[in-house]
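FYI, it's all coordinate maths here, none of it is from the lab. Model, not experiment: these values are computed from the prediction. When we count neighbours, we look across all protein chains shown, and the Cβ atoms used for this are built from the backbone with ideal geometry, even at glycine.
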Amino acid sequence: MNVAIIGCGGMGALHAQMAANCGHKIVLCADSVRKAAAALAEKFGAKVSADPLSAVAAKGVDLVAIATPTPTHLPLIEAAAQAGKDIFCEKPFCLNTADCKKAIAAAEKAKVKLFVGHVVRYFHEFEAMRAKAQSGEIGAAGWLKISRGGIFPGAPGSWFRDYAQSGGVTLDCMIHDLDWVRYAFGEPERIFCQTLMRTEPVQLDYSQVTMRMKNGLIATVIGTWAQPSGFRVKAEICCSGGMIQYDSADAPLAVQPRTVAAGPNMIVPMSPVEKSPYQMEWEEFTTWLEGTGTPRVTARDAMAAVAMAEAALKSAKTGQPVAL
Amino acid sequence: MSTIKIGIMSFAHMHAFGYAMALKALPDVELTAIHDDDAKRGRAMAKQFGTRFVADQAAFLALDTQAVIITSENARHRGMVEAAAAAGKWILCEKPIAPTVEDAKAIVAACKKARVGLGTAFPCRYAQPLIAAKAQIDAGALGKVYAVTCTNHGQSPGGWFADEALSGGGATMDHTVHVADLLRWMLGKEITKVYCELGNQLHQDTLKTDDLGSVHMELEGGVQVSHIASWSRPKSFHTWGDVTMDFIGEKGVLSVDAFNQKITVFDDKLGRAVWAGWGDSLDDGLVADFVASVRERRDPAITGVDGLRATEVTTAAYKAFRTGRMVKV
C-alpha cells in the first residue's frame with residue numbers, strides 16, 4: 001500500500017521503516033517542520049509536504065501513519081477517514097475519550113481501518129509475563145507493579161512540555177502500562193493517582209497510580225519523566241504460588257560510547273531480537289489491512305486506555321479515587 | 001560503669017531474638033530475665049541466652065531490672081507497657097507500638113505518668129544506607145523533595161501476625177510503620193493524608209487478613225508518596241523482603257535499597273540462590289541507644305510518640321480502604 005507518514009519525528013521515522021519492511025511504499029512525508037519531512041522523504045524517495053492536514057487526504061495514498069502531537073490526532077484521523085484512507089495512529093489515541101469516540105465514529109462512518117499503536121502489547125518481555133501469569137503455573141496474580149520512564153522527553157519548547165498537549169507522563173507514557181494491565185488482567189474498577197506535572201523550578205513529571213481491577217487484582221503503576229537520564233522499565237507480578245520480575249536494566253547488551261552526540265528526543269528501549277515489537281505491530285496491522293488477520297489491540301481498547309489515564313488525571317486533581 | 005539490667009517480655013515477635021543478641025554483645029549490660037506467657041518458648045530462650053525464665057509477670061517486674069524490651073503480640077503491648085511503666089521500668093516497645101490509636105495513646109500516657117522513658121523499635125533508622133540517604137537529603141543533594149516511592153515487602157509470617165485479634169491487621173499493619181517513620185524522620189514532615197487499596201489474593205486460602213496494601217500518602221507541603229506494604233515474597237525468594245525508597249527531588253533523584261548489602265549464594269542443597277547479608281546490624285544501634293537512654297534517664301532517640309504517629313498512619317490506611325476515600329490522618 002502507498003503510505004503517507006504524518007509527523008516525521010523519531011516515531012514517524014521508525015514507523016516509516018517498519019511500514020517499508022512490511023512491503024508498503026512510503027510515498028509522502030508530511031511535517032509542519034518541512035526540514036523534518038524532507039529528511040525522511042529523501043530516505044524513501046517520497047514526496048514532501050509541510051501541511052499534514054492536507055497530506056492525509058492526498059491522492060495516491062492508501063494509508064496514513066500518524067505520529068504527531070496528541071491533540072492533532074483527531075482532526076488528522078477525521079480528515080484521513082473522510083478521504084477514505086486506512087489509518088495507523090501512534091498512542092495515545094487522543095487527549096480524552098470524547099475525542100476518541102469522534103475518531104472511532106469517523107472511521108466507522110467512512111468504513112476505513114483505524115489502528116492505534118499500543119506497542120507494549122507486542123514486546124517480548126510483556127508477552128512472556130502475560131503468558132506466564134495467565135498460565136496459572138505459579139497461581140493467580142494478586143498484585144503487580146510496573147515502573148516506566150526516564151528523562152523528560154522533548155527539548156525546551158517541545159509540545160511534550162506543555163501538559164495541555166501531552167497530558168504529561170500519565171497520558172503519554174504510563175498509558176502503555178494501563179493498557180497492558182487491562183489487556184492481561186481485564187477491566188479496571190477504580191483508579192487513584194498522584195502526579196507532579198511540575199514546570200518550575202525544573203520541568204518534571206512523576207505519576208503514582210493504584211488501580212483496582214474487577215477481578216480483585218491491585219496494580220501499582222509508576223510513570224516517571226523525572227530521571228536525570230536514561231530509560232528503564234521494571235515489572236513485578238506477585239501470584240499465589242510465586243512471582244515474576246523483569247528489569248530492562250538487566251539486559252543482554254550494553255554499549256557505552258566514549259562521547260555522546262545530541263540524542264533523539266526519547267530513548268526507545270530496544271531488545272536485540274530478530275523481529276522488533278514495532279515490526280510485529282506493523283505486520284499484524286498489515287494482515288488486518290489484507291483481510292487475513294485481526295490485531296490484538298482495537299481502537300476501542302485504545303479508547304479504554306485513554307479513559308484510564310483520563311480518570312487517573314481526574315483523581316490527581318480531586319485527591320480521591322475515580323470509578324471506571 | 002554500673003551494669004544496666006534489662007528483661008525481655010515475650011518472644012512472640014521474632015525481633016526479640018536480634019535484640020537479645022544485641023544486649024548480650026554490649027558491655028555493662030545484663031539480660032536479667034525473660035518473661036513469656038508461652039512458658040516452653042520462654043524457657044528455651046532463657047536457656048539459649050544464658051538467663052532465667054520468670055513465668056509470673058508480677059514477679060518478673062518485681063526484679064531489680066531498670067528496663068524491659070516488650071516483644072509480644074501487637075495487641076498485648078498496651079497491657080505489658082502499662083504494667084512495666086507502673087513498675088518504673090524504662091521501655092523499648094516493638095513496632096507497631098499498638099494496633100489502635102487508642103492503645104498507642106494509652107501507652108504514651110502511661111509512660112509519661114510513670115516518668116519512664118519509652119522507645120519504639122524502628123531499627124531501620126539505624127540502617128547505614130538509610131542514614132547515608134538522609135545525610136544526602138539533609139545536605140541538599142535533592143533540593144526540595146517532591147515525591148517518594150517506597151516498598152516494605154516481606155514473606156508471610158503466619159502465626160499470630162495473621163490473627164487480627166492479636167495483630168490488628170495483616171501486611172499493611174505490619175509493614176507500613178517502618179516506612180511511615182522513615183518518611184517522617186528523613187523529610188522532617190508529618191503525614192497528613194492516606195489512601196489505600198488492600199489485597200489478600202496471594203494467600204486467600206491461608207490468611208484472613210490483608211497480605212498487601214498499596215498505600216498513598218501526602219506529607220506536609222504536598223509531598224506525594226506511594227508505598228507497598230506486603231507479605232508478597234514467595235517462599236522461593238532469595239531473601240526475606242526489602243525496604244526501598246525512591247526520592248524524586250528538584251535537583252536529583254535518590255534510590256535506597258536498605259538491605260541490598262549482600263552476597264548471592266547458589267546452594268545446590270536448597271535448589272535456589274539466596275542472599276547472605278553483610279551489612280551492619282540494625283539492632284545493635286537501636287539497642288545501644290536504648291541502653292544509653294536507661295543510663296542517662298532520657299527518652300530513647302525514637303520515642304513512643306514516633307510509634308503513635310506511625311500507628312495513626314496505619315489505622316488511617318485501613319479507614320481509607322473501608323471508606324474508599326483518601327482520609328486525613
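Using DSSP to call loops (not H, G, I, E or B), can you name the trypsin sites (Lys or Arg not before Pro) in segment A:13-71 whose Cβ has at most 11 other Cβ atoms within 10 angstrom? Intermediate results must be reported in sequence, preceding the final value.
Working: sites: A:LYS25, A:ARG34, A:LYS35, A:LYS43, A:LYS47, A:LYS59; in loops: A:LYS59.
In loop regions of segment A:13-71 (DSSP not H, G, I, E or B), the sparsely surrounded trypsin sites (Lys or Arg not before Pro) are A:LYS59.
Per residue of B:150-157, what is the mean number of Cβ atoms on other protein chains within 10 angstrom of that residue's Cβ? Please report the intermediate quantities before stating the final value.
On the way: counts 0, 3, 0, 3, 0, 0, 0, 0.
For peptide B:150-157, the averaged partner shielding equals 1.
Principal axis analysis of the Cα atoms in segment A:2-117 yields extents of 37, 23, 23 Å, listed in decreasing size. Dipole orientation for segment A:2-117: of the candidates A:ASN2, A:ILE104, A:THR70, A:ASN2 has the Cα lying most toward the positive pole (charges on Cβ; Lys, Arg +1; Asp, Glu -1).
Rounded to the nearest 10 degrees, the inclination of helix A:10-21 to the longest alpha-carbon principal axis of chain A is 70 degrees.
Among the listed pairs A:LYS234/A:LYS317; B:LYS144/B:LYS189; A:LYS91/A:LYS317; A:LYS234/B:LYS189; B:LYS89/B:LYS189, those whose Cα-Cα separation exceeds 21 Å are A:LYS234/A:LYS317; A:LYS91/A:LYS317; A:LYS234/B:LYS189; B:LYS89/B:LYS189. The three principal axes of the Cα atoms in segment B:216-329 give end-to-end lengths of 51, 46, 36 Å, sorted in falling order. Remark: C-alpha extents of segment A:35-176 on the principal axes read 54, 40, 34 Å, sorted largest to smallest.
What list do you get for B:THR192, B:THR172 if you sort them by fewest beta carbons within 10 Å? Write out the running numbers ahead of the final one.
On the way: B:THR192 16, B:THR172 30.
Ranked by crowding around the Cβ, least crowded first: B:THR192, B:THR172.
In terms of its C-alpha gyration tensor, chain B has a rounded overall shape, because the principal axis ratio a/c (a ≥ b ≥ c, square roots of the eigenvalues) stays below 1.5.
Peptide A:211-224 shows a mean partner chain C-beta count of 3 within 10 Å per residue C-beta.
Using only Cα atoms and rounding to the nearest 10 degrees, what angle (0 to 90) does helix A:97-110 make with the longest principal axis of chain A? Approximately 40 degrees, to the nearest ten.
Got the relative contact order for segment A:2-117 handy, in percent, Cα pairs under 8 Å and 6 or more residues apart? All intermediate terms of the calculation are to be shown ahead of the outcome.
On the way: 240 pairs, mean separation 27.1, N = 116.
Across segment A:2-117, relative contact order equals 23 percent.
Most simply put, segment B:162-242 has about 100% antiparallel DSSP beta bridges, counting only bridges with both residues inside it.
With contacts taken as Cα pairs under 8 Å and at least 6 residues apart, chain A reaches a relative contact order of 19 percent. Inter-chain neighbour count for A:242-254: the average number of beta-carbon atoms from partner chains within 10 Å of each residue's beta-carbon is 1.
When B:SER281, B:SER255, B:SER156 are ordered from fewest to most other Cβ atoms inside 10 Å of their Cβ, what list results?
B:SER255, B:SER281, B:SER156
Distances between every pair of Cα atoms in segment A:179-225, grouped in 5 Å steps from 0 to the bin holding the largest one, split as 6, 21, 25, 17, 13, 9, 6, 3, 0 percent.
In units of the compact-protein estimate 2.2 N^0.38 Å, the protein assembly as shown shows a Cα radius of gyration of 1.11. Taken about its Cα centre, the protein assembly as shown carries a charge dipole of roughly 660 debye when the Cβ of each Lys and Arg holds +1 and the Cβ of each Asp and Glu holds -1.
Can you put A:PHE126, A:PHE192 in order of Cβ neighbours within 10 angstrom, beginning with the fewest? Could you put the intermediate results ahead of the total?
On the way: A:PHE126 22, A:PHE192 27.
The order, fewest Cβ neighbours first, is A:PHE126, A:PHE192.
Compare the Cα positions of A:THR220, A:ILE87, A:GLN256 along the charge dipole of chain A (+1 at Cβ of Lys, Arg; -1 at Cβ of Asp, Glu; about the Cα centre) and return the one farthest towards the positive end. Toward the positive end, the furthest listed residue is A:ILE87. Return one number: the angle in degrees, 0 to 90 and rounded to the nearest 10, between the long axis of the Cα atoms of helix A:124-135 and the longest principal axis of the Cα atoms of chain A. Long axis of A:124-135 versus the principal axis of chain A: about 50 degrees.
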